[in-house]
Amino acid sequence: MKKLVNYCSMIFLLLVATSQVKAQSVDVVIRENGTERKESIDLPKSMTYPLDSLLNDWKAKNYIDLGKDCSTAEINPLFSDSVYIDRLSRIPAVMEMPYNDIIRKFIDMYAGRLRNQVSFMLSACNFYMPIFEEALDAYGLPLELRYLPIIESALNPSAVSRAGASGLWQFMIGTGKIYGLESNSLVDERRDPIKATWAAARYLKEMYDIYGDWNLVIAAYNCGPGTINKAIRRANGETDYWKIYNYLPKETRGYVPAFIAANYVMTYYCDHNICPMETNIPASTDTVQVNKNLHFEQIADLCNVPLDQIKSLNPQYKKQIIPGDNKPYTLRLPIEAISTFIDRQDTIFAHRADELFRNRKTVAVKEISPSTRRAATAVAGKGKPTYYKIKSGDTLSSIAEKYGVRVKDIQRWNGMSNTKIAAGKRLKIYK
């Protein structure tokens, strides 16, 4: 218990804020001690994404065929509790996969009204699961965690929450920087599937070193360790997720059940008449180092690679600009375009550079002579000066008429470049 609460040495982890967005809710019936009660739980945001938004990514549009979604049927067979209990127990997992009415509700949603999204995510797994599994295995983490981005982003690499979390793993900007993910106006490595995955694996390992319980780890991934520790204290030191359940925020109460349900449906989708959409694996890619400023349009023009494909392969560059003048950055391209880029890189860097990079490195300030400077300032008129305090509703024309002078004289005497005036200011007038 002391290890859980006294985590000052890991204070930086408190920067992890919830990436959940309070949106749609679901009602569940909870049975305990022979009684029933109804509770409203906020859905993970991935469960609220329409299928159209998930298909906007270039890879999805070009490599997932909506017309060949196998034999996905509208009918979702229902099974008894004993069947769900048996199936969950047979998932080869280190993490606990229990069953209750709350988990059943989330399974029903995935296998029911979200079955088209599940069909899409089964196909998108072909793009991202090898990346997830490599990082998780390198850190010695349970491979069941590869389904965490399903809860976070529905495998949408462009997902951004209202709270500001971004990418497949939905890192907040502060947490991302702690784990080495650069974020500035041009680069956001939270959107890089590979770098963000390795950062997430490191974060999950460090959280497990604190809690020693995977349910608490993924709950903390959702709402932050500070909230989990508060729930543990309120539950008199209990460290079982299901015993601190009622002390957690509404969205976190649904997070672990949704994760267990995701593992279930990604394992037993065939039993629910769900089939992955047809997927064509993208062509092989490779990377090159870029050490000069480079715009995606320069690459598209001279390497014969569609602009949308470059953006999809390099989602970390927010404005289609790689700021290589600052430091070397990685560019990912189809394997057949790599040799073209290397052979023609000097031409590529020079191509339309003046047009695409408008930010000036130096700016000249023209020095003006004293006589020119005097001409640009107020000029004294003939006669004695009078000072007039501008009232609301006044115009230069009405003031000029009142004193019998010209508007341009008032402008010249007061060094004005236009006719705008403000109430309360004073004008110098010569008469």
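The values are calculated or read from the model by the stated rules, or taken from the named source; none is laboratory data. Just so it is clear, the model here is predicted, and its values are computed rather than measured. Glycine also receives a Cβ, built like all others from the backbone with ideal geometry; neighbour counts cover every protein chain displayed. Just the protein is used for accessible areas: all its heavy atoms, side chains included, with ligands, DNA and RNA removed. Shrake-Rupley method; radii C 1.70, N 1.55, O 1.52, S 1.80 Å.
Observations on the structure shown:
- Among the residues of region 348-398, those that are open to solvent by 100 Å² or more (accessible area, probe 1.4 Å), modelled with pLDDT under 90 and assigned to a helix (DSSP H, G or I) comprise Arg373, Arg374.
- Note on region 255-300: residues that are over 29 Å from Lys45 (Cα atoms), touching a residue at least 40 places away in the same chain (Cβ under 8 Å) and touching a helix residue (DSSP H, G or I) at 6+ places or on another chain (Cβ under 9 Å) total 14.
- Within region 69-82, the set of residues being at pLDDT 90 or above and either part of a helix (DSSP H, G or I) or of a type in the set (D, E, K, R) (or both) comprises Asp81, Ser82.
- When region 56-68 is filtered for residues that are open to solvent by 20 Å² or more (accessible area, probe 1.4 Å), at pLDDT 80 or above and over 16 Å from the mean Cα position of the chain (by Cα), the ones remaining, listed by number, are Trp58, Lys59, Lys61, Asn62, Tyr63, Asp65.
- Cross-chain or 6+ apart pairs with Cβ under 6 Å, region 333-354 first and in contact (Cβ under 8 Å) with a residue 40 or more places away in the chain, then of a type in the set (A, V, I, L, M, F, W, C) and open to solvent by 50 Å² or more (accessible area, probe 1.4 Å): Pro334/Ala283
- Taken over region 109-141, the residue count meeting the criterion of being part of a helix (DSSP H, G or I) and open to solvent by 50 Å² or more (accessible area, probe 1.4 Å) is 7.
- Subset of region 75-102 (residues that are under 21 Å from Thr252 (Cα atoms) and acidic (Asp, Glu)): Glu96, Asp101
- Checking Ser284 against (1) under 18 Å from Ser185 (Cα atoms); (2) more than 24 Å from the chain's Cα centre (by Cα), the condition it does not meet: (1)
- Residue in region 286-308 that is open to solvent by 50 Å² or more (accessible area, probe 1.4 Å), under 23 Å from Ala60 (Cα atoms) and hydroxyl-bearing (Ser, Thr, Tyr) present: yes
- Applying the condition of being open to solvent by 60 Å² or more (accessible area, probe 1.4 Å) and part of a loop (DSSP other than H, G, I, E, B) to region 274-285 and asking which residue is modelled with the highest pLDDT yields Ser284.
- Positions within region 83-104 being touching a residue at least 60 places away in the same chain (Cβ under 8 Å), assigned to a helix (DSSP H, G or I) and of a type in the set (A, V, I, L, M, F, W, C), in sequence order: Leu88, Ile102, Ile103
- Residue match in region 301-323 (condition: free of Cβ contacts under 8 Å to residues at least 24 places away in the same chain and assigned to a helix (DSSP H, G or I)): yes
- Region 384-400 residues that are without any contact (Cβ under 8 Å) to a residue 40 or more places away in the chain, paired with ones that are part of a strand (DSSP E or B) and open to solvent by 70 Å² or more (accessible area, probe 1.4 Å) (beta carbon under 8 Å, 6 or more apart): Lys389/Arg426; Ile390/Arg426
- Summed over region 179-217, residues that are in a helix (DSSP H, G or I), in contact (Cβ under 8 Å) with a residue 12 or more places away in the chain and open to solvent by 50 Å² or more (accessible area, probe 1.4 Å) total 7.
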